[in-house]
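Q: One structure, pasted below without further comment.
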Amino acid sequence: MTFDQERALDSEFVMHTYGRSQVEFVEGSGMTLKDAEGREYLDFLAGIGVCCLGHGHPAVVGAVERQATELMHVSNYFYIEHRGEVAALLSKLANDDLAGAGVLARAIAEGDAEAVRAAAAPREGEQVWKTFFSNSGAEANECSMKLARLYAKRCGNGGNTIVCLRGGFHGRTLETLAATMQNRLQDTFRPLPGGFVACTPNDIDELREVFAQLGGEICAVMLEPIQGESGVHPLDAAFVQEAARLVHEVGGVLISDEVQAGVFRTGKPFAIQHADVVPDIMSLAKGIAGGVPAGACVARAEVADAFKPGDHGSTFGGSCLAVAAAESTLCELVIGGYAGKAAEVGTYMAEQLAKVPHVVEVRGAGLMLGCDLDEGAGDAHDVVTAALEAGAVINATGAHTLRFLPPLICTKENVDELVQILTSVLSC
């Protein structure tokens, strides 16, 4: 069908929950997308941070093709291949053990079952993390919040209040929206589920006051180490460290929402590791399976064990297809050294963006970056449209903020090409 025909059907039969850009992408390779008219674009959004290895990566495509011909779904009533391997790899990464993850990833890639078991086996004193597989970031956050409250009830302080940060974003289900402390997103859908209290990011005094007032009523603090949807705003390490201290002091847990900032995007396996803090629970999605829908709630074993059969579930979570894609994606990220690549190229990109006309601030880490524009640049959404017309896919999170989430295969040459486009657009 032509683009106009597809657009007409979409307009008539698809719910209007998105304001779509006027382009239909039909093909992709690496950092490049191609539209229905055959025009190519440089992709600096990666499906909102999902396509971490770019488009058509052979490792992911091969794994999906093989799995699709063998078995796509049987449900969580049964054991399936690859799921345990992915969970073991996530446990190593949650410990920031890149060496151990490398040994395990290579054993998985070589198909050596004995080597996989040996590499996965926890060393003496090693923290074990357990995973629940979901389909999305919102589902991963739902699981994280349920687990925090269940742990508090069965093993902790009995509290049920979760402290969340203003400007954060945790999803669009009613529960995750209640945890998303942004009035513009919440107001239309009130009343929302209760049990959440807001705190200002990086305001340690306010955080201490919240704990002084609520104490043991608090079962968890839930935060994004870098707030993505509000415009890429990193949390101070001191604030994250104080949040961990306070919540543990009252017997609660720390939840790190790594949906956007995790899976090597910031140069670490998970963004909270930059603050030298070990959370109790992490929510993952987006880049975890290279483009196949997948999410995960990863928790320290002693917290995860609060779950018993029947407490939580998902029909499609951890499907044969999803975990095959996740396994190939994570192994490639680990073996390919993408932590270092994301850090190096991200540093270069931040430096180059700061030189672009009308850019007044660049924020973020690795290949999760945002930049604020001055008034002379006009509306950032118009900049996004102009950049698209010039051949680059980017994103705006507000009237004066651009956001960049390129595939982790991004090179300095790709950055130079983007900067040239942006300079041209913003110089008009």
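Q: Hey, could you pull the Cα Rg and Dmax for segment 184-311, both in Å?
A: Rg then Dmax for segment 184-311, in Å: 15.3, 43.
Q: Using θ = phi - 60° and the Karplus curve 6.51 cos²θ - 1.76 cosθ + 1.60, what whole-Hz ³J(HN,Hα) does each residue of segment 161-173 get, with Gly and Pro shown as x?
A: So the J values, rounded to whole Hz, are 8, 10, 7, 10, 9, 4, x, x, 8, 10, x, 10, 5.
Q: Which far-off residues, 5 or more places away or on another chain, put their amide H under 5 Å from the one on E361, with H placed in the peptide plane?
A: So E361 has HN proximity to D372.
Q: Under the rule that a partner needs its Cβ under 4.7 Å from the first Cβ, which Cys of the chain have none?
A: That list is C51, C52, C155, C164, C199, C219, C320, C331, C371, C410, C428.
Q: Looking only at the chain, where both bridge partners belong to it, what percent of the DSSP beta bridges are antiparallel (to the nearest 5)? Don't skip to the answer; put the middle values down first.
A: On the way: 33 of 52 bridges.
Restricted to the chain, the bridges split so that about 65 percent are antiparallel.
Q: Note the per residue figure in Å³ for the convex hull of the C-alpha positions in segment 106-203.
A: Cα convex hull per residue, to the nearest whole number: 175 Å³.
Q: Which far-off residues, 5 or more places away or on another chain, put their amide H under 5 Å from the one on T173, with H placed in the peptide plane?
A: Amide H neighbours of T173, under 5 Å, 5+ apart: none.
Q: So what is the relative contact order of the chain, in percent, for Cα pairs below 8 Å that sit 6 or more residues apart?
A: 21
Q: For the chain, give the magnitude of the charge dipole about the Cα centre (Cβ charges: +1 Lys/Arg, -1 Asp/Glu; no others), in debye to the nearest 20.
A: The dipole of the chain has a size of about 960 debye.
Q: Further, regarding this structure: Just the ratio, please: alpha-carbon radius of gyration of segment 1-144 over 2.2 N^0.38 Å, N its number of residues.
A: 1.37
Q: Here's a follow-up. Sorted by mean Cβ packing within 10 Å, highest first, what order do the peptides 13-22, 310-319, 166-175 take?
A: Values: 13-22: 8.3, 310-319: 16.2, 166-175: 19.4.
Packing proxy ranking, top to bottom: 166-175, 310-319, 13-22.
Q: In angstroms, what radius of gyration and Dmax does segment 1-57 have, counting Cα atoms only?
A: In order Rg, Dmax, the Cα atoms of segment 1-57 give 12.6, 34 Å.
Q: Can I ask one more? Tell me the mean residue ellipticity at 222 nm calculated for the chain from its helices only (DSSP H runs of n ≥ 4, each -39500 (n - 2.57), averaged over every residue, nearest 500).
A: -12500 deg cm²/dmol, from helical runs alone.
Q: Then there's this: Taking the alpha-carbon centroid of each part, what is the distance from segment 278-322 to segment 338-384 in angstrom?
A: Comparing the Cα centres of segment 278-322 and segment 338-384, I get a distance of 31 Å.
Q: Within the accessible area of the chain, what % is carbon and sulfur when the probe is 1.4 Å and the other protein chains stay in place?
A: 52
Q: Report the percentage of all Cα-Cα pairs in segment 251-397 whose separation exceeds 25 Å, rounded to a whole percent.
A: The share of Cα pairs beyond 25 Å in segment 251-397 comes to 44 percent.
Q: Compute a Gaussian network model of the chain, connecting alpha carbons closer than 10 Å, and tell me which residue from P406, P193, P293 fluctuates the most.
A: Of the options given, P193 has the highest mean-square fluctuation.
Q: With the convex hull built on the Cα atoms of the chain, state its orientation-averaged projected area in nm².
A: The number I arrive at for the chain is 21.3 nm².
Q: Tell me, what is the per residue accessible area of the chain in Å², probe radius 1.4 Å?
A: 44
Q: Using only the alpha-carbon atoms, what does segment 285-341 span along each of its principal axes? Please give whole angstrom values in decreasing order.
A: For segment 285-341, the Cα extents along the three principal axes come out at 40, 25, 15 Å.
Q: Please report, in cubic angstrom per residue, the volume enclosed by the convex hull of the alpha-carbon atoms of segment 265-311.
A: 87
Q: From the phi of every residue in segment 83-92, what ³J(HN,Hα) in whole Hz does the Karplus formula 6.51 cos²θ - 1.76 cosθ + 1.60 yield, where θ is phi - 60° and glycine or proline is x?
A: Rounded to whole hertz, the list is 5, x, 5, 5, 4, 5, 5, 5, 5, 4.
Q: Here's another thing I want to ask about it. What accessible surface, in Å², does a 1.4 Å probe find on S136, ignoring ligands, DNA and RNA and rounding to the nearest 10?
A: Its accessible surface works out to 40 Å², give or take rounding.
Q: So, one more: Let me test this: with uniform point scatterers at the alpha carbons of segment 320-428, what is the Debye-based log₁₀ I(q)/I(0) at q = 0.14, 0.15, 0.16, 0.18 1/Å?
A: Each listed q corresponds, in turn, to -0.58, -0.65, -0.71, -0.85.
Q: Another question about this same structure. Over 25 Å between Cα atoms: which of K153/K308; K92/K341; K153/K268; K34/K92 fall into that group?
A: Over 25 Å Cα-Cα: K153/K268; K34/K92.
The values are calculated or read from the model by the stated rules, or taken from the named source; none is laboratory data. Note that the coordinates shown come from a computational prediction; the quantities given were computed from them, not determined experimentally. So basically every Cβ, Gly included, is an ideal-geometry build from the backbone, and we count neighbours across all protein chains shown. Note: accessible area is taken over every heavy atom of the protein model, side chains too, but ligands, DNA and RNA are not part of it. Shrake-Rupley method; radii C 1.70, N 1.55, O 1.52, S 1.80 Å.
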